[in-house]
Structures are given as C-alpha cells and as structure tokens.
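Heads up, the thing below is written out as structure tokens.
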C-alpha cells in the first residue's frame, strides 16, 4: 500500500475543518452591514476557541473573556451576596478539556488557523525555544485569574486584563472591524488602541516566521486545556517498537513537539498531522474505546 | 483496566457547569457577549 491509495481521513482535511469552524463561529454576516455586533440569545453559549465576542459576526462567547468577567466581578458579587462564581464557564472549559484536551486548538480555533495560514508565507523560519512555552501559564494565572480578582475599583470590579492588554485576537477580530464599520467609535481611539494594534503587528510578524507562536507561548485557553491532555478521554499513543525515531513527526508538527518523547504533551494541539506523517504506523489515538492507527505504509520489497 | 479519571472529571465538570447555569450565569455571559467589549477592542 502506498500513501497515494491510502484512504483520506478527516485529519488529512483539517484546514477545511478549521475554515468551517472559523466561519461557523462567526456566521452572522449581516452584522457587518448593520455596523453592530450580533446580539442573539444564543450568544451566551461559550465556544471552544479564543474567538472574540465583539467580532461583529461572532455567534458565541469567548470563554477566556467570560471567565475574566466572572473573576473581575467576583468580589462585588460576594459583597452583595450575588451567587455568580463563573461555574458555567469553568465547567464548560473543564468538560471540553476532560473530553478532548487541547484538540479544539488544532481543529476549531480561528486564531490558530490564522497563524497556520500566515506561517505558509515563504520566509526563513525560526524555532521557538521550549522554555518560552511556560509563559502561557504565567499569562493564565496572572492576567486571567489573579489581576482581575485582586485589582479592583472602588465598587469592587476588576478589569479583563488579558483582553485589555494582550489579546491580539480581539484586536484582529473586533478592534479593527468595529473601527471600520462603526464610525462613532473612532473618536475614542487612544493609547490603548495603538498599544493593542502594535502588539498585533508584532504577533503577525512572529506568525510569519514561527509556527503558532501565540498558541504556544501566550494563549491562556491552550494553557488550561493542555493541563488535561494527559488525563482526557482522547488519548495519543506511540508504539515504541514501531517508532524508528526518524523525527518526521517532529518536523511536520505545527507546535514542534516530539510526540515519541511524550505522547500526551500539554503542548500538543492534537491536529493528528503526526499520525498521517508517520510511515511506520507508530502513532495512534483512542477516543471512547475506538482506536485509530495509521497503517505501516512502507512498501514491502519484492523478494 | 479502564481509565476512570477522565469520566470522573467530565462528570464533575458537567455538574459544575449545570450548577452555574442554575445560578443564572448564562444570562451574565450573554449580557457581556452582546455588549461591545471596549477592553477587547482597545478603547476601554
């Protein structure tokens, strides 16, 4: 059997799934012409991706933005005995993580898809040192949890620090489009807008030369779901007896991990490209009792 | 031996999510999501 006649699997069409999810999560196109954001009742549903809810056509809620809102309002809510703890969003995030770990990063997240597209621009490429991947945990703990909770105004409200100071997805999906379609917002442009725009420009430059740098070093959503990779229902596995350490999977991996060293690494976005690229049938995955192993594609030599 | 941890985690997570929904947190998320987030777009 050769790679040519091997039946194509969903994992081989992943960019189409990513494009479909990107459009599906931002499907309310009429908003772009009305100059407002979608305000339907379904928008309280959290989406499994870093997708800004202020994108004019966004259909759902960004879980990281929603979580910060709860942390930012927690002290005020406690002071007035309002029972709003963010359990809906926390439960949603943990449920997705328990089921599939970081898989939505590889298949659903529009911002991850954008990074993969920009990386296709042919230029010299840079690898990201592994130590930088730990920075995303610091972002999760400080910007999403600690600062919104600890630094509050006179009413007890904290800010959404990650959205305000860092999130380039918000600038790209909401900041720029809203300035284009809502003229009344333009006079409000000031330092913060230029700060976020500058940060976006820097990130886009990084996307050109490195693979998914935002996901790997900054994204708090990926940091959280990555913690579940080892214990989720969806599992990756590497057969040590079949693996030849040829390193093809490492070279093809969009987050540059060596899956043969740690099959369920918290860095893995479970795009399954390694399963397709392994010619020795060494990499497999399992979900709900169903195991998928790519066959050994080496052509037997004629005797 | 079947792995029980992910199932336990999933059940607890769904339970937590359900409690949040019963406390009316969906409404809070919806109110945030249908309002232009000034922080997100850089004018907050």
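Each reported figure results from applying straightforward, stated rules to the coordinates on display, with no laboratory input. Being a predicted model, the structure only gives us computed values, none of them experimental. All Cβ positions, glycine included, derive from the backbone under ideal geometry; neighbour counts span all protein chains shown.
Among A:151, B:41, what is the fewest-to-most ranking by other Cβ atoms within 10 Å?
Details: A:151 11, B:41 30.
So the residues, fewest neighbours to most, are A:151, B:41.
Report the FRET efficiency, 1/(1 + (r/R0)^6), for residue A:241 and residue A:13, where r is their Cβ-Cβ distance and R0 is 22 Å, rounded to 0.05. Once rounded, the FRET efficiency stands at 0.15. If you model the protein assembly as shown as an ellipsoid using its alpha carbon gyration tensor, with each semi-axis the square root of five times an eigenvalue, the axes come out at 37, 24, 18 Å, biggest first. Computed over the alpha-carbon atoms, the range A:182-303 gives an Rg to Rh ratio of 1.17, Rh here being the Kirkwood radius from the mean inverse distance. Counting only other chain Cβ atoms within 10 Å of each residue's Cβ, the peptide A:91-103 averages 5. Restricted to Cα atoms, the range A:235-293 shows a radius of gyration and a Dmax of 10.3, 30 angstrom.
Here the spin labels are modelled as points 7 Å beyond Cα on the Cα-Cβ line, and at residue A:123 and residue A:191 they lie 2.9 nm apart. Ordering A:251, A:279 from the fewest to the most neighbouring beta carbons within 10 Å gives A:251, A:279. Take the Cβ atoms of residue A:288 and residue A:146, set R0 to 41 Å, and the FRET efficiency comes out at 0.65.
Quick one: order A:14, A:212, A:136 by neighbouring beta-carbon count within 10 Å, fewest to most.
A:14, A:136, A:212
Go ahead and estimate [θ] at 222 nm for chain A from helices alone: -39,500 (n - 2.57) per DSSP H run with n ≥ 4, summed, over the residue count, rounded to 500. Each step should come with its number before you reach the end.
Details: 15 runs with 123 residues, N = 303.
Computed ellipticity for chain A at 222 nm equals -11000 deg cm²/dmol.
Paramagnetic label reach from residue A:82 (point 7 Å along Cα→Cβ; backbone nitrogen cut-off under 13 Å): within the range A:141-165, residues A:155-158.
The distance from the alpha carbon centre of the range A:248-264 to that of the range A:67-101 is 33 Å, rounded to a whole number. Relative to the dominant Cα principal axis of chain A, helix A:110-119 is inclined by about 60°.
How high is the FRET efficiency between residue A:296 and residue B:4 when r is their beta carbon distance and R₀ equals 22 Å, given to the nearest 0.05?
Numbers: r = 33 Å, r/R0 = 1.48.
It comes to 0.10.
Among DSSP bridges having both ends in the protein assembly as shown, what percentage is antiparallel? Round to the nearest 5. It would help to have the intermediate numbers written out before the result.
Values: 10 of 11 bridges.
Of all bridge pairs located within the protein assembly as shown, approximately 90 percent are antiparallel.
Relative contact order for the range A:113-250: 40 percent, from Cα pairs under 8 Å spaced at least 6 residues apart, divided by residue count.
Hey, what does the equivalent ellipsoid look like for chain B, semi-axes from the Cα gyration tensor as sqrt of 5 times each eigenvalue, largest first, whole Å? Write out the running numbers ahead of the final one.
Values: eigenvalues 230, 44, 6 Å².
Computed over chain B, the values are 34, 15, 5 Å.
Working from Cα pairs under 8 Å separated by at least six residues, relative contact order for the range A:235-293 is 42 percent.
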